[in-house]
Structures are given as structure tokens and as C-alpha cells.
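Working notes for the structure below.
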Amino acid sequence: MFERKSLKIAISGANGMIGSFLTREFCRDGIRVSRMLRKPESDRSCDRQIIWDPHTGTIDTSLLEGVDVIIHLAGAGIADKRWTPERKKEIVESRIIGTQFLAQAVSQLNNPPALFISASAVGYYGNRPPEEELDENSSSGDGFLAEVCRKWEAAAATLKNSETTRLVFARFGVVLSKEGGMLARQLPIFKLGLGGGVGDGRQVLSWVSIEDLPGIMLHIIEHEELSGPINIVAPHPVSNRDFAATLGDILHRPSFFRVPALGAKLLFGQMSEEVLLSGQNVKCRKLQESGCHFFYPELEKAIRHLLYS
């Protein structure tokens, strides 16, 4: 069992929305964090820095010796840009090359981490009907994102049979934060009273508040029986239509400006089909069965806390 105050955690993608939040919250709790960065930064705060570059094969593995946990989050943003062939290649390669490189580096350490948490996503399951409930045993689906997730998880193959390092695939749902991601992008539109659902609005959104992520990560760290894929989602997914209605109610704005499926496809191409018009009704079975506590299991409470606390 890990003692939180003595934990040493290394985080790749540490400047991203999730990585920076985890770093800040872990440091606040007295956990020693090493941020894995491409370039040195002057702001050292409570952490140390590990400079790495998977494309050039650069990393000082001595700085990983004795680290208890690696949380590997690095990868190009899925919805940051339109999916051109070049962008799709970047999305895939940023995940596969980085994960392979880091997993191989870990496998060669004299004192490797006890746990390697590698990010993945609920896109693994593809687009599914709203009534179909999915858990960690569900099969992978079709489409670009499902393929990306399969390759992403396979890239950590060198650690799958490790006797020293437990391997977890954190299949993240949509992470809600006012600092970035889906919620932050939608806020200006909804504040103008122009928000609404996309397509028919029936597609299911499996989400999680960023405020719950530190606790979830610590729960995984402390429960050694947890391994393999773990769905990082709140217990109560919602439809796209209900998400829009809830956000509109919280902001005291109308939410009836539906974006037609055709309009979304014209604006965003294939990305709209797999990000905006697709959905998965994903359950956090492993987390719930192991007793994980969510501070924000319900959407309304989660959004109110993010916006007004």
C-alpha cells in the first residue's frame, strides 16, 4: 500500500488540461510530482522536470528510477483541429510513438514504477446505441477513434506481462472543465443563448468532472487489484440533449438552438461524426465495484461546482 505523502509520480502531458490540474492538486497534497516536458521551464513550483522527446529517443531514465507511478497523458488533441489526413496521422503517431518509447524505457529500469497508467478514451467503444450499456469488458467499436484507442493501448505491450509494473488503461470520457475541452468551448455560445443539442440529441455523453480526477487516480494507485482498462467516467452519463438543457438551465439561458447533423458534418467533417454525433453509454464498473467515491456523480452538481465555486 502506498503512503500518499511519500508518493512519487511522473506525469507526461503535464502541461495539458488534465496533466496541469493533476500536478497542481497532487502538489497541494504534498505528493512529489515530476513533470515530463519537451523543454525545460523556469517555473519549478513543487515539482521537478524530466525532459523527454520520443521522436528523438531522448530521456534521462535515471530520473525515472524510483518513481512510484507514471501517469502517461501525452498526445495531440483530438478535437483541436479539423481532421485532415495530416492531422489524423499526428493524432495517431503522437500516441503510439510516445507510449511505445516510454513503456520500453520503463521496462529497462532497475527500479521501475509499481504502476503505469496510460491514457486512452471511451472512443475505444465506437458509436453505440443509447440503450446499450458498456463496461470494461465490452468490445471495441468501429471508426477512427476506436482504431486510435486500440493502437494506443497496444503500444504499451512491453509492460503487459511485467512482473513489477501494474498496467492500467485509463479510458477517459469527456472531461468537464471551465479551463478547456468541451465545456469551455460551449460556454460562450450558451451564454449568448445560442446553445443546444447536436443532431437528434440522443447520443450519450459519458463524462467526468476534472475535479474528480485526482481522487480517481489515487484510488487506482491504492487499489492494487485494479489493472487493464478502467473507464474514467461519472456514474450517470446523459444524452447530448439533456447535457444542453442542463447547461442552459444553470446559465439561465435558452438551449433550443439545435445544430443539425448535416450542418455539423459540413463544418467539421469526419470529426463531427465521431466526436459530436456519436455517443457511448459507458459505465464505470471497475471503479464502482472497488468502492471509488465520486464527489460529482451528477451532471448538474458537477457543472455548478465548476462554474461557481
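Details
- Taking 0.36 nm per residue of sequence separation and removing the Cα-Cα distance, the Gln288/Arg38 pair yields an extension gain of 86.4 nm.
- Normalised radius of gyration (Cα atoms, divided by 2.2 N^0.38 Å) for region 4-155: 1.11.
- Extension gain, Glu65 back to Gln186 (0.36 nm per residue minus Cα-Cα distance, nm): 39.4 nm
- Largest first, the three principal axis extents of the alpha carbons in region 57-98 are 41, 19, 12 Å in whole numbers.
- Which label in (i) 13.6; (ii) 15.5; (iii) 14.4 gives the computed mean projected area of the Cα convex hull in nm²: (ii)
- The phi torsions of region 278-291, fed into the Karplus equation with coefficients 6.51, -1.76 and 1.60 and a -60° offset, translate into couplings of 9, x, 9, 8, 9, 9, 9, 4, 5, 5, 5, 5, 8, x Hz, rounded to whole numbers, with Gly and Pro shown as x.
- Principal-axis tilt of helix 17-28 within the chain, Cα atoms, nearest 10 degrees: 50 degrees
- Between helix 144-154 and the chain: long-axis angle, C-alpha atoms, 0 to 90°, nearest 10: 20 degrees
- GNM top mover of Asn111, Asn231, Asn137 - the chain, alpha-carbon springs below 10 Å: Asn137
- Value of Rg to Rh for region 1-68 (Rh from inverse mean 1/r over Cα pairs, i.e. Kirkwood): 0.96
- Projected onto their three principal axes, the Cα atoms of region 73-162 cover extents of 46, 32, 15 Å, largest first.
- Taking 0.36 nm per residue of separation and subtracting the current Cα-Cα distance, fully stretching the chain between Ala76 and Arg48 would add 7.8 nm.
- Relative contact order (percent, whole number), region 19-71, Cα cutoff 8 Å, 6+ residue spacing: 23 percent
- Here the relative contact order of the chain, from alpha carbon pairs under 8 Å that lie six or more residues apart, stands at 18 percent.
- Calculated over region 216-304: convex hull of Cα atoms, volume per residue (Å³): 115 Å³
- With contacts taken as Cα pairs under 8 Å and at least 6 residues apart, region 80-162 reaches a relative contact order of 41 percent.
- The spread of Cα positions in region 130-267, taken along each principal axis and listed from longest to shortest, comes to 55, 31, 26 Å.
- Principal-axis analysis of the Cα atoms of the chain puts helix 85-107 at an angle of about 30° to the longest axis.
- Look at Glu86, Glu273 and count the other Cβ atoms within 10 Å of each Cβ; fewest to most, that gives Glu86, Glu273.
Read-outs throughout are calculated quantities, based only on the coordinates presented, and are distinct from any laboratory measurement. Values in this document were obtained by computation on a predicted structure and should not be read as measured data. Neighbour counts run over all protein chains shown; Cβ positions are idealised from the backbone, glycine included.
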